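Data block below; observations after.
The values are calculated or read from the model by the stated rules, or taken from the named source; none is laboratory data. All values reported here derive from a predicted model rather than from experimental measurement. Counting neighbours? That spans all protein chains shown, and the Cβs are built from the backbone with ideal geometry, glycine included. Keep in mind that these areas ignore ligands, DNA and RNA; they rest on the heavy atoms of the full protein, side chains included. Shrake-Rupley method; radii C 1.70, N 1.55, O 1.52, S 1.80 Å.
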Amino acid sequence: MTYETLQYEVEDGLLTLRLNRPEQMNAFTVTMAHELEAAYARASADDAVRAIVVTGAGKAFCAGMDLSTGGNVFGLDESQRPTPADLADRFDDPAIQQGVRDTGGRVALAMVNCLKPIVGAINGAAVGIGATMTLPMDFRFASEKARFGFVFGRLGITPEACSSWFLPRIVGLEQALEWTYRADIFDAREAHAKGLVRAVTSPETLLDEASAFARSLITERSPVSVALIRQMMLRHLSATPLEAHRAESLAMFYTSVGDGKEGVKAFLEKRPPQFAAHASDMPPVFPEG
């Protein structure tokens, strides 16, 4: 598969997914949204991919939505007047999916549904959708040159990409409100101090450090176990303890009769495990839909 706006490179289980519009500071487009959705779904189904590192080509990570396009720059159908009922009852209707649903949110949901850990290597400006698309990532590393901005208020619009769900959970409600009310640009040091990023590195070592960290999450680990852990953590942020117990019971049952047998045997024999299960063949743990 070829991409107009991305580079997709897999080496030794690690997918490096690079936003690739460097002359436009990797500004986000509807095409990029479609390609990111497809890329995360592809990586999720590909057993050759064990973890994902996302970064930007050139000096920027993503400078936000490309505002130079004609018409509705967000790719929305202005002839419609959608209601909450439309989003509930017609969620997958092409008219709603393509003309109403926010493109950043569609990418965020693809990231949530992905079965592989996602690590951000934020190499430069991450503004607007460039900032919010990092929130569904499991971990975020930033270059000293990175800059962030939840600048929607400056444009008279609102945050998207499921960020009103993710951002308060990552940095707390008060900080999330301050950053979105002020709509200012802030640097990597502030992002680290407030808990948005895990570490700040030199520009030269950013990708290597993020990649090494991503590999540390998957080395000698069962792909099915990793996938289930990711899905349970994300899904159960809004679940009841009872719902968590039901899913965890099924996850424990199926992993214990799968890679769990090899894990126990390897532990007793004091050797590295040789896990055989694949994330492309997941057990029935979560309710449909």
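Just the projected area, averaged over all directions, of the convex hull on the alpha carbon atoms of the range 65-126: how many nm²?
The number I arrive at for the range 65-126 is 6.0 nm².
Sorting TYR40, TYR3 by accessible area (1.4 Å probe), largest first, what list results?
Largest accessible area first, the residues go TYR3, TYR40.
May I ask you to compute the full-extension gain from GLN80 to ILE185, defined as 0.36 nm times their residue separation minus their alpha-carbon distance, rounded to one decimal in nm?
Contour length minus the Cα-Cα distance gives 34.5 nm.
Given R₀ = 45 Å, what would the calculated FRET efficiency be for LEU155 paired with PHE253, taking r from the Cβ atoms and rounding to 0.05?
Computed FRET efficiency for LEU155 and PHE253 comes out at 0.35.
In nm, to one decimal, how far is the modelled label at PHE267 from the one at ILE229, with both set 7 Å along Cα→Cβ?
With each label point 7 Å from Cα toward Cβ, the separation is 1.3 nm.
Under the rule of at least 5 residues apart or a separate chain, name every residue whose amide H is placed under 5 Å from the amide H of VAL151.
Placed amide hydrogens put GLY128 under 5 Å from VAL151.
Ordered by residue, what ³J(HN,Hα) values in Hz, to whole numbers, does the range 58-73 give under the Karplus form 6.51 cos²θ - 1.76 cosθ + 1.60, where θ = phi - 60° and Gly and Pro are x?
With the stated coefficients, the range 58-73 comes to x, 7, 10, 7, 7, 7, x, 5, 6, 8, 8, 6, x, x, 6, 5 Hz.
Accessible area per residue for the range 124-273 in Å², computed with a 1.4 Å probe and the full protein assembly in place, what is it?
On a per-residue basis, 54 Å².
Which one, PHE166, LEU109, PHE141, projects farthest toward the positive side of the charge dipole computed for the range 84-172 from Cβ point charges (K/R +1, D/E -1)?
In the range 84-172, that residue is PHE141.
Cα atoms only: what Rg and Dmax, in Å, come out for the range 23-94?
That works out to 16.1, 43 Å for Rg and Dmax.
Which of the trypsin sites (Lys or Arg not before Pro) found in the range 211-270 are in a DSSP loop and have at most 14 neighbouring Cβ atoms, other than their own, within 10 Å?
Here the sparse-neighbourhood loop sites are LYS270.
For the chain, give the percent of accessible area contributed by carbon and sulfur heavy atoms, probe 1.4 Å, rounded to a whole number.
On the way: 8130 of 14760 Å².
On the chain, the fraction of accessible area on carbon and sulfur atoms equals 55 percent.
Of PHE91, HIS34, ILE122, whose Cα points farthest to the positive end of the dipole of the chain (charges on the beta-carbon: +1 Lys, Arg; -1 Asp, Glu; origin at the Cα centre)?
Among PHE91, HIS34, ILE122, the one farthest towards the positive end of the dipole of the chain is ILE122.
When the solvent-accessible surface of protein heavy atoms is calculated with a 1.4 angstrom probe, in what order do MET233, MET282, MET133 fall, highest first?
My answer, sorted largest first, is MET233, MET282, MET133.
Could you please put ILE118, ILE157 in sequence from largest to smallest accessible area, using a 1.4 Å probe?
ILE157, ILE118
Considering only DSSP beta bridges where both residues belong to the chain, give the percentage that are antiparallel (nearest 5).
Working: 9 of 30 bridges.
In the chain, approximately 30 percent of DSSP beta bridges are antiparallel ones.
Eigenvalues of the Cα gyration tensor times 5, then square-rooted: what semi-axes does that give for the range 77-210, in whole angstrom, largest first?
For the range 77-210, the semi-axes come out at 29, 17, 12 Å.
Modelled label-to-label distance, ALA244 and LEU173, 7 Å Cα→beta-carbon offset: nm?
2.0 nm
Relative contact order for the chain: what is it in percent, counting Cα pairs under 8 Å that are at least 6 residues apart?
Relative contact order for the chain comes out at 17 percent.
Using only Cα atoms, figure out Rg for the chain and give it as a multiple of 2.2 N^0.38 Å.
1.04
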